[in-house]
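Note sheet for the following structure.
What follows draws every value from the coordinates through simple rules; no lab data is involved. Note that the coordinates shown come from a computational prediction; the quantities given were computed from them, not determined experimentally. Every residue, glycine as well, gets a Cβ built from its backbone with ideal geometry; the counts of neighbours run over all protein chains shown.
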Amino acid sequence: MLSEFTWEFIVGHINYWLFIVLMMTGLYVVVARGNLVKKIVGLNIFQVSVFMLYISIGKITGGTAPIFPADNQGKIKLDPEIIYSNPLPHVLILTAIVVGIATTSLGLALIVRIHEEYGTIEEQAILKIEQDICRAEEQAHGEAMGGRV
């Protein structure tokens, strides 16, 4: 079984290897980086890898576009010798690209708003600011209660 894992196998499935590399790269960027813009870029890399996977699945070697010829009466003539590619994965990817652009723009708009509010887009700095705000509110609440909590 291991002998079937040859150079031809690796090169013949290069699109799947690239899918794996891109997906893991995107996942690493999302998890390992604290900068919110870098997280959005990582999500986009991850998303492109999924697009590539679906497009690879939809492509059939030797397949042609699924355009069926019709005769003069409008009846479809199917030739059983012709191999057709499945158009569904490509249509789904077009929709996913539009949704991806929308979510990316929403994420970037939220990052702009976060930067206006906190003055930074680094995750750790935002968490520290939030902790400081919570401590100050707890302290103010404790003083307002006259030391009784």
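Using only Cα atoms, tell me the angle between helix 88-118 and the longest principal axis of the chain; keep it within 0 to 90° and round to the nearest 10. It works out to around 20 degrees.
Considering only G42, G34, G119, the mean-square fluctuation computed in a Gaussian network model of the chain, springs between alpha carbons under 10 angstrom, is largest for G119.
The charge dipole of the chain, taken about its Cα centre with unit charges on the Cβ atoms of Lys, Arg (+1), Asp and Glu (-1) only, comes to about 200 debye. Pairing the Cα long axis of helix 123-144 with the longest principal axis of the chain, what angle in degrees results, from 0 to 90 and rounded to the nearest 10? Approximately 40 degrees, to the nearest 10. Could you pull out which residues in the stretch 68-96 have an amide N less than 16 Å from a spot 7 Å beyond the Cα of T61, following the Cα-Cβ vector? Within reach of a label on T61, which here means backbone N under 16 Å from a point 7 Å along Cα→Cβ, the stretch 68-96 contributes 83-85.
When Cα extents along the principal axes in Å is computed from the coordinates, the matching label among (1) 38, 28, 25; (2) 90, 52, 27; (3) 38, 30, 29 is (2). Look at the Cα gyration tensor of the stretch 1-75: its axes a ≥ b ≥ c give a/c of at least 1.5 with a/b at or below b/c, and that counts as oblate. Remark: the Cα gyration tensor places the stretch 52-99 in the oblate category, a/c being 1.5 or greater and a/b not exceeding b/c.
Residue separation of V31 and V112 scaled by 0.36 nm, minus their Cα-Cα distance, works out to 27.1 nm of gained length. Annotation: amide H-H contacts under 5 Å for N35 (H modelled 1.01 Å from N, sequence separation of 5 or more, or interchain): E123.
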